[in-house]
1. Find the lysine pairs in segment 49-207 meeting two conditions, Cα atoms under 18 Å apart and a separation of 8 or more places or different chains, and report how many there are.
2. Write out the chymotrypsin sites (Phe, Trp or Tyr not before Pro) in segment 15-94 meeting two conditions: DSSP loop, and at most 10 other Cβ atoms within 10 Å of their Cβ.
3. May I ask you to order 107-113, 95-101, 177-183 by the average number of other C-beta atoms within 10 Å around their residues, highest value first?
4. Could you state the orientation-averaged shadow area of the convex hull built on the Cα atoms of the chain, in nm² to one decimal?
5. What FRET efficiency comes out for the pair LYS40/PHE181, r = Cβ-Cβ distance, R0 = 30 Å, nearest 0.05?
6. If you find the alpha carbon centre of segment 66-127 and of segment 1-31, how far apart are they in angstrom?
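Please treat every number below as a calculation from the coordinates, not as lab data. If you're wondering where the values come from, they're calculated on a predicted model, not measured in any experiment. Note: ideal-geometry Cβ built from the backbone for every residue, glycine included; neighbour counts use all protein chains shown.
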Amino acid sequence: MAALPRIGLLVGSSRYGGNAAGLATWLSSVLEGRLNSPAKTIDIVTVYPTKEPHPLGPVADGSRLPAQVPDSSSYSSPIIQQWSAFVSSCSAFAVISPEYNGGYPGELKNSLDHLYTEWAGKPVLLITYGSRGGFRCSAQLRGVLTSMKMTVLDDPVGIKMPKDFVAGSERVVPGEGFPEFLSPYEELVGKAADDLKDRLLKASESG
């Protein structure tokens, strides 16, 4: 039996006590409900910056560019070999990231920069969040991902976080239910997920 197409859900922030884990859980739930109902057709794997196979930390090997590495086994670090193999196994990606100081987190940039060829040609859905929806973060990510020859979906989703969830003590917490302010974004994510699924189906038919 052929393996299901895989979507890698990349979590952009490694900060403890923030909204990243809760929003990633919410996003995974929305994607599962949209893409795998009534039957499971796509494997959705969430990757946190502090857990394998994510290579938390900067690119340390400057002996050659990632674009010059021919395959996963040729990277000098076993951690990067594992990361390369995972990214290669994915047919598409969804990225959920906060906006920090007008941009996106360094750990997300590092995760991209460790590789090059493995990202090329793969569709990616951007979901950003912040007090204003994280659209500056989204614009920066679009430029980077496009330069890496990824196909960024046309309609990114920007989640405007209530003040209490940014500067106050409220947080989106896994396992504690999802706050009401996320409800309007479910259909936006769902429509983008439909686009992602259509692209995967067309790729499998042509391949």
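1. On the way: LYS51/LYS109; LYS109/LYS122; LYS109/LYS149; LYS122/LYS149; LYS122/LYS197; LYS122/LYS202; LYS191/LYS202.
Value for segment 49-207: 7.
2. On the way: sites: TYR16, TRP26, TYR75, TRP83, PHE86, PHE93; in loops: TYR16, TYR75.
Passing sites in segment 15-94 are TYR16.
3. Details: 107-113: 19.0, 95-101: 21.1, 177-183: 13.4.
So the order, starting with the most tightly packed, is 95-101, 107-113, 177-183.
4. Values: hull surface 48.3 nm².
Projected over every direction and averaged, the Cα hull of the chain covers 12.1 nm².
5. E between LYS40 and PHE181, to the nearest 0.05, is 0.55.
6. 15 Å
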